[in-house]
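The values are calculated or read from the model by the stated rules, or taken from the named source; none is laboratory data. The structure displayed is predicted, hence computed values, not measured ones. Neighbour counts run over all protein chains shown; Cβ positions are idealised from the backbone, glycine included. Ligands, DNA and RNA are excluded from the accessible area calculation, which covers all protein heavy atoms including side chains. Shrake-Rupley method; radii C 1.70, N 1.55, O 1.52, S 1.80 Å.
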Amino acid sequence: VSIIDIGSNSIRLVAYDKISRVPRLIYSEKVFCSLAKNLEIDNKIPKKNFKKTINAIKRFYKISLDIKSSDLYIFATAAVREAINGPQIKYEIEKITNKKMIILSENDEVILSTQGLISSFPNANGIVADLGGGSLEISLLKNGKLKEYVSLKIGVVRLLKSFLLNKENCLKKISDKLNTINWLKENKD
């Protein structure tokens, strides 16, 4: 089973021997494409990054065929979800792979990242944060149960230019966004 994860910073291909509780990894490769680079500027995936993504998808699809994957799943996150040329990259990827690409909603993204942690720590308590290239998912766990969650437009690639132009202003914007989450302020776990 192969999975292509199209994140806002990197695109990854992972392949497992089968779907199971603890699948054995048989292949893993990552390519950095920085799709979220201009989200805060013009809300587009830059042409160069778009092309690099398409080339990576062609390669990953070929590898998936070469290792005889029975299934291929393709997921995308914040950059593809938000960019005005996101539908175009989705179309191109589906044309190359002849597979439907799933663009995760903000809620899907935070729930899946939290479930990943719960699979290793079933009774986890506390705050979980998943910082990506285009978004930050934060969730609250109580005894392994998801109680609260949020996805914010805060990401390493998304905010890099803003950070380099004015570090203090960028950090203040991040702090302001975090301070709007009441349940986060109220929990110290």
### Task
Tell me which of these Ile84 doesn't satisfy, since it passes every other one: (1) under 21 Å from Val1 (Cβ atoms); (2) in contact with a strand residue (DSSP E or B) (Cβ under 9 Å, 6 or more places away or on another chain); (3) part of a loop (DSSP other than H, G, I, E, B); (4) of a type outside the set (Ser, Thr, Tyr).
(1)
### Task
Specify the residue that is nearest to Tyr73 (Cα to Cα); the eligible residues are those in region 88-122 that are open to solvent by 90 Å² or more (accessible area, probe 1.4 Å) and at pLDDT 95 or above.
Lys100
### Task
Look at region 33-50 and say how many of its residues are surrounded by fewer than 20 Cβ atoms within 10 Å (Cβ to Cβ) and over 16 Å from Asp5 (Cα atoms).
9
### Summary
Taking first residues from region 79-103 that are free of Cβ contacts under 8 Å to residues at least 40 places away in the same chain and second residues anywhere that are among the aromatic types (Phe, Trp, Tyr) and open to solvent by 60 Å² or more (accessible area, probe 1.4 Å), the pairs with Cβ under 9 Å that are 6 or more apart or on different chains are Lys99/Tyr73; Ile102/Tyr73
### Query
Cys170 fails exactly one of the following numbered conditions: (1) without any contact (Cβ under 8 Å) to a residue 24 or more places away in the chain; (2) surrounded by fewer than 17 Cβ atoms within 10 Å (Cβ to Cβ). What is the number of that condition?
(2)
### Summary
The lone condition Val128 fails out of (1) closer than 27 Å to Lys44 by Cβ; (2) open to solvent by 20 Å² or more (accessible area, probe 1.4 Å); (3) in contact with a helix residue (DSSP H, G or I) (Cβ under 6 Å, 6 or more places away or on another chain) is (1)
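For the subset of region 1-27 comprising residues that are outside any strand (DSSP E or B) and charged (D, E, K, R), which member is surrounded by the fewest Cβ atoms within 10 Å (Cβ to Cβ)? Working first, answer last.
Narrowing region 1-27 to residues outside any strand (DSSP E or B): 1, 7-9, 17-24.
Now restrict to residues that are charged (D, E, K, R): 17-18, 21, 24.
Working: Asp17: 10, Lys18: 9, Arg21: 5, Arg24: 9.
Top of the filtered list is Arg21.
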#### Entry: Residue check, Lys30 in a strand (DSSP E or B) and either more than 22 Å from Val1 (Cα to Cα) or without any contact (Cβ under 8 Å) to a residue 40 or more places away in the chain (or both)
yes
### Query
Right, Leu140: under 21 Å from Asp108 (Cα atoms) and in contact with a Lys or Arg (Cβ under 6 Å, 6 or more places away or on another chain) or not?
yes
### Task
Filter region 87-104 for residues that are under 17 Å from the mean Cα position of the chain (by Cα) and assigned to a helix (DSSP H, G or I) and give the result.
Pro87, Ile89, Lys90, Ile93
### Message
Name the single residue that is nearest to Gly133 (Cα to Cα) among those in region 64-80 being among the hydrophobic types (A, V, I, L, M, F, W, C) and open to solvent by 20 Å² or more (accessible area, probe 1.4 Å).
### Response
Phe75
### One residue from Gly134, Gly144 being in contact (Cβ under 8 Å) with a residue 12 or more places away in the chain, touching a helix residue (DSSP H, G or I) at 6+ places or on another chain (Cβ under 7 Å), open to solvent by less than 50 Å² (accessible area, probe 1.4 Å) and on the phi > 0 side of the Ramachandran plot
Gly144
